[in-house]
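For reference, the structure is listed below as structure tokens.
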Amino acid sequence: MTRLGTQQRPAIARVQTAERAQQILALCNQHRIQCIVGVEPDQREDITDVERALNPSTPIPGLATVTPEATGEAPQATADAGG
């Protein structure tokens, strides 16, 4: 999946004022995040995509994943549905 905040998948934000929209746009520009900001005074602010683009929850490259084999534990057995 394409990373959030790119041209192919821009972050979407909804704010209540034009001033707040400018703040979000400036923040996104500062961090090179592509975004679309809509001003909707009657809706609740939602900047979740921008927050996710700023703080991605992707694994750190080069960080090893611990597997049962690496810890010496036996892999979990699965039930056989055939009998």
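Read the figures in this text as sums done on the coordinates, not as results from a lab. Please read all numbers here as calculations on a predicted model, not as lab measurements. Don't worry about glycine lacking a Cβ; one is built from the backbone with ideal geometry, like all the others, and counts go over all protein chains shown.
With a simple spin-label model that places each label point 7 Å from the Cα along the Cα-to-Cβ direction, the separation between GLU40 and GLN16 comes to 1.4 nm. Other residues whose C-beta falls under 11 angstrom from the C-beta of ALA53 contribute a net charge of +2, scoring Lys and Arg +1 and Asp and Glu -1.
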